[in-house]
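Accompanying notes for the structure given below.
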Amino acid sequence: MSDVILRAEHLGISFGGLKAVNDFNLELREGELVGLIGPNGAGKTTVFNLLTGVYKPTEGDYYIGETKMNGKPAHAMVEAGVARTFQNIRLFSNMTVIENVLVARDRKFGYKLFSAFTHPKSFWKQEAQEKERAMELLKVVGLEDKADTVAANLPYGQQRKLEIARALATDMKVLMLDEPAAGMNPTETAELLEIINLIRDRFGISILLIEHDMSLVMKICERITVLDYGNIIASGSPEEIAHNKYVIEAYLGKDDEEE
């Protein structure tokens, strides 16, 4: 069995008197693709914010490998190997497609301030290497021919793909995708499914996915965890989740005749 790359133990957070997430437990193993689903307001994005350092948990712990990450800022999570996308696209809209990817590669640049001004051969060599790497990642998401296009001018579906390419540029171990198919048409969603599978197979990355497109979730995820009102109500294989009465009730409501 592969190693656990991310682990959450009894994780929770309260905002004032409201408990947004309660007793959340999860193990994500190397190369695994796990779905996190639930109705609107179930706490899914709050979990992502806890696991990426946006929020500090008021209860429980979470780990990357054996390193406890409680209270560490978002940039420390990136350095530890965690990257994410967002429900609402957050690109540098006035920069080109390739510049958006290169921004995520910034911490990989090894030259110092003096080199940035004098531009020795080593500077240009590393610039060329990073641009080549950025183009490889754009090719993964099918945007290599859009490298010099301003990000704001991309269609919505391609902006989603660019967000994924930028996340990949951090060389993460864990990729968290927050509703990547939101706003996509069926053709774009099918392309996204292929991209996610390609990313996992080629790079061996562990993926945690929030998604409302249930057909996508059922096709792509190995395991699924279901949240409702901040609590886990089910966890298992796609087939188990599809037939779980508590999951059906959470999405469709209870049948009054059964009460």
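Coupling constants for segment 129-137 follow from the phi torsions by the Karplus curve (6.51 cos²θ - 1.76 cosθ + 1.60, θ = phi - 60°), and in residue order they are 5, 5, 5, 5, 5, 4, 5, 4, 6 Hz; glycine and proline get x.
In terms of surrounding Cβ atoms within a 10 Å radius of their Cβ, Leu252, Leu193, Leu26 rank from fewest to most as Leu252, Leu193, Leu26.
Of the options (1) 34; (2) 69; (3) 41, only one is percent of Cα pairs over 27 Å apart as computed from these coordinates, and that is (3).
Among Asp148, Asp178, Asp213, Asp61, the order by Cβ neighbours within 10 angstrom, fewest to most, reads Asp148, Asp61, Asp213, Asp178. For Met218, the shell of other residues with beta-carbons less than 13 Å away shows a net charge of -3, using +1 for Lys and Arg and -1 for Asp and Glu. Straight-line reach from Lys245: which lysines fall under 29 Å, measuring Cα to Cα and dropping same-chain residues less than 8 apart? Straight-distance partners of Lys245: Lys19, Lys44, Lys219, Lys254.
Which of His243, His75, His212 ends up with the largest GNM mean-square fluctuation for the chain, with Cα atoms connected below 10 Å? Fluctuation is largest for His243. Considering only beta bridges that DSSP places wholly inside the chain, some 55 percent are antiparallel.
Secondary-structure-derived ellipticity at 222 nm for the chain, considering helices only, amounts to -11500 deg cm²/dmol, per-run term -39500 (n - 2.57) for DSSP H runs with n ≥ 4. Straight-distance candidates among the lysines for linking to Lys173, with alpha-carbon spacing under 18 Å and chain neighbours fewer than 8 residues away dropped: Lys68, Lys72, Lys108.
Taken together, the values in this text are just the output of simple stated rules run on the coordinates, not laboratory data. Being a predicted model, the structure only gives us computed values, none of them experimental. Virtual Cβ from ideal backbone geometry, glycine too; neighbours counted across all protein chains shown.
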